[in-house]
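Okay, structure first, notes after.
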Amino acid sequence: IGRPEADRGAVMLKEYKGREAAALAETEVRAYERLLFDDDVEIDVDRYGRGPGMLPKRNLPIARLVGYFASKGVDSEATSLWTVQEWHGLRRLSEYPRARQDVNSAVKFWPPVQRVADEPKRARARFVRKAFEGCIKSVWYAHERGVAHGALDASTFLCSTFVDRSADDLDVKLINFGCSTLCTPESVVIDLKALAVTLTELVFSALSSRGPSESTSAEALRRVFVDIHELDFKRIREYCEEEPDWVEACDFLVDGGGEYWEVLRELWQAKELEDSIGVTTNAGDLALRAEYLREFLERY
């Protein structure tokens with residue numbers, strides 16, 4: 001049961017009912033043609049379809065499309081379109097801040113540095129750093145292949161674990177490409193600003209002293225950042241630092257010389273940072289910065 005290949009048969013079936021939903025299915029399949037054009041997998045089954053199935057040669061930051069077909073719906077005689085995607089028991093990022101952590105489980109005695117890293121608050125920060133980086137890398141993977149997602153939020157990212165102490169094993173995968181388009185300056189900006197909201201919600205909901213609440217929801221944070229403070233990050237930081245429940249979140253953002261604040265600023269201001277020909281903040285550059293920052297902070 002513990003073998004990595006044990007859950008290769010797990011898939012996610014998505015039903016698209018009706019004409020409008022069928023258009024989403026068509027869009028998703030076309031997006032995957034671009035996303036997986038250079039993928040490298042082996043199919044290991046016998047003539048009856050039994051066996052490990054699809055054996056990917058590399059780990060992608062998206063959930064692979066395995067296949068698609070037309071069939072009767074779950075509760076209807078009408079024909080629906082279906083897509084089949086990798087699943088492996090992954091859970092949505094939106095569920096992570098509320099996930100229970102086993103604080104009473106034994107902490108590794110050796111090496112001592114691991115005991116320090118597994119202290120609950122440090123482990124929480126490690127997980128958020130890894131998830132933060134993984135989300136940006138997932139979006140960059142799509143943009144590199146000319147696909148803008150078009151509907152990013154915390155429910156479109158899947159996590160391989162919610163255990164803070166297992167942050168090193170965390171994989172983040174992007175799903176739901178039914179609203180995707182080809183990359184243009186406008187569609188890239190839409191993705192980056194949606195990513196800004198997602199990552200801000202992740203940090204403040206996961207690290208708030210009261211846990212996730214209405215004040216740390218995506219909509220509430222959007223009001224604070226955009227409607228109230230008009231993306232003036234000096235005012236935003238002052239406001240956040242005055243909130244007693246957000247001390248740990250602000251400490252996280254200040255760590256590493258305030259670079260996490262800077263990454264968020266560039267995402268939130270993606271439209272404002274466009275140059276005369278529509279080139280703006282690049283998800284690839286931000287992903288590299290997030291990776292370097294995570295490794296630097298975990299080293300020291």
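The values are calculated or read from the model by the stated rules, or taken from the named source; none is laboratory data. These figures come from a predicted structure and were not determined experimentally. Because the Cβ atoms are built from the backbone with ideal geometry, glycine has one as well, and the counts that use them run over all protein chains shown. The area values use the complete protein model at the heavy-atom level, side chains included, leaving out ligands, DNA and RNA. Shrake-Rupley method; radii C 1.70, N 1.55, O 1.52, S 1.80 Å.
Every residue, every condition in (1) over 24 Å from residue 101 (Cβ atoms); (2) open to solvent by less than 10 Å² (accessible area, probe 1.4 Å); (3) in a helix (DSSP H, G or I), yes or no:
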{"site": "125", "(1), (2), (3)": "no, no, yes"}
{"site": "131", "(1), (2), (3)": "no, yes, yes"}
{"site": "139", "(1), (2), (3)": "yes, yes, yes"}
{"site": "150", "(1), (2), (3)": "yes, no, no"}
{"site": "166", "(1), (2), (3)": "no, no, yes"}
{"site": "173", "(1), (2), (3)": "no, no, no"}
{"site": "176", "(1), (2), (3)": "yes, no, no"}
Residue, most open to solvent (accessible area, probe 1.4 Å), within the range 260-294, restricted to residues that are among the hydroxyl-bearing types (Ser, Thr, Tyr) and at pLDDT below 95: 292
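Which of the strands (runs of 3 or more DSSP E) contained wholly in the range 1-112 include at least 3 residues that are modelled with pLDDT of 85 or more, surrounded by 11 or more Cβ atoms within 10 Å (Cβ to Cβ) and not aromatic (Phe, Trp, Tyr)? Quick ask: steps written out before the conclusion?
Values: elements: 11-16, 41-44, 53-56, 65-72, 79-86.
Correct list: 11-16, 65-72, 79-86.
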Output for the range 153-164, where each listed residue is open to solvent by 20 Å² or more (accessible area, probe 1.4 Å) and either of a type in the set (Val, Ile, Thr) or not in a helix (DSSP H, G or I) (or both): 153, 160, 161, 163
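Take residue 230 and decide whether it is without any contact (Cβ under 8 Å) to a residue 60 or more places away in the chain and under 18 Å from the mean Cα position of the chain (by Cα).
Working: without any contact (Cβ under 8 Å) to a residue 60 or more places away in the chain: yes; under 18 Å from the mean Cα position of the chain (by Cα): no.
So residue 230 fails the test.
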Pair list, Cβ < 6 Å and 6+ apart or interchain, from the range 161-177 residues that are within 22 Å of residue 11 (Cβ to Cβ) and without any contact (Cβ under 8 Å) to a residue 12 or more places away in the chain to residues that are part of a loop (DSSP other than H, G, I, E, B) and open to solvent by 20 Å² or more (accessible area, probe 1.4 Å): 169/161
The one condition in (1) outside any helix (DSSP H, G or I); (2) open to solvent by less than 30 Å² (accessible area, probe 1.4 Å) that residue 257 fails to fulfil: (2)
Members of the range 200-236 that are open to solvent by less than 20 Å² (accessible area, probe 1.4 Å) and under 23 Å from residue 126 (Cβ atoms): 200, 202, 203, 204, 205, 206, 207, 208, 211, 216, 221
